[in-house]
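To keep things clear, I will list the structure first and then write my remarks on it.
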Amino acid sequence: MIKKILIVDDLHPAFKEEAIKLGYEVDDEPKITREETLSRIADYEGIAVRTKFKIDAEIFAAASNLKFVARAGAGLDNIDEKVALERNIKLLNAPEGNCDAVGEHATGLLLSLMNNFRRADIEIRNGIWDREGSRGYELKGKKVGIIGYGFMGQSFARKLAGFEVDVMAYDKYKTGFSDAFAREVSMEEIVKHSDVLSLHIPLTTETKQMVDDEYFFHFKKPIFFINTARGEIVNTKAVLNNLKSGKILGAGLDVLETEKFPALSEQSWYEELKVNDKVILTPHVGGWTFDSYRKISEVLAEKLKAL
């Protein structure tokens, strides 16, 4: 029987090319709908997806011959891991492929916030020359707290290496991971010493809405806050509350609780977020560069070889 893979999303051709070399027949259909996928998935041993739709219990139920899901990205939150485990279906993802993109994006957000790039640019375009109002902070000497020290957290730490900062990292599920770029610390040290807080953790039942008003309350100093992980980890209203109180000096958010329009514009906190000049927003593109588009597929292809 010919091994078949269905690609239901926009993946770089590197994955398809390598899969064919490995003996797979590949149907590359980035425009296929969920309904069409449900009607056809029983014919396939593998499915490759990025963010198009969830690979949930309904998809798994229809996929009687499925042996693996290839997720073109870092997180697995759009895949029902419990069902996959029960059915012994392998899950492939590629955090190695976009960790550099995320690390650079987080660094860019942080530098932009600390130096008021957004506000200064808008003001100059509107005939305002305000040097004092645009005065910023230097990174040198600051203490940067990283939550989660996997591929993304490590990448951010490496990007900060030249800034002469003290990088502290906390990871609930790892120990003994101090390296040349960050030192392992307790959560107590993060909240006591951080000048910058950056999230690099997956979305799970445990982390959903983890960062709320109470979470920020424990921080002893005003912080710059960066989220390039998952929006649902953070309560957006809590971010706005702490921006208002001065606990957060600036927030760089690549991800939000609700993403895409019109759903985003319907959120009760959207208008307040939109007009706050201490916030920089990007549309969940931290890990999505022209380079990572290729690298993610190359990583998935390598993992396909190892199956």
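The values are calculated or read from the model by the stated rules, or taken from the named source; none is laboratory data. Since the model is a prediction, treat every value here as computed from it, not as a measurement. Ideal geometry is used to build each Cβ from the backbone, glycine not excepted, and the neighbour counts take in all protein chains shown. All accessible areas refer to the heavy atoms of the entire protein, side chains included, with ligands and DNA or RNA removed. Shrake-Rupley method; radii C 1.70, N 1.55, O 1.52, S 1.80 Å.
A few points about this structure:
- Filtered residue count, the range 108-150, keeping only those that are open to solvent by 60 Å² or more (accessible area, probe 1.4 Å) and touching a Gly at 6+ places or on another chain (Cβ under 9 Å): 1
- Residue within the range 246-257 that is open to solvent by less than 30 Å² (accessible area, probe 1.4 Å) and over 19 Å from GLY145 (Cα atoms) present: yes
- Breaking point among (1) buried (at least 19 other Cβ atoms within 10 Å of the Cβ); (2) touching a residue at least 24 places away in the same chain (Cβ under 8 Å); (3) on the phi > 0 side of the Ramachandran plot, for GLU164: (1)
- Restricting PHE217, PHE224, PHE181, PHE261 to those that are open to solvent by less than 50 Å² (accessible area, probe 1.4 Å), modelled with pLDDT of 95 or more and aromatic (Phe, Trp, Tyr) reduces the list to PHE224.
- Selection within the range 87-99 - crowded, with 18+ Cβ neighbours inside 10 Å, in a loop (DSSP other than H, G, I, E, B) and of a type in the set (S, T, N, Q): ASN93
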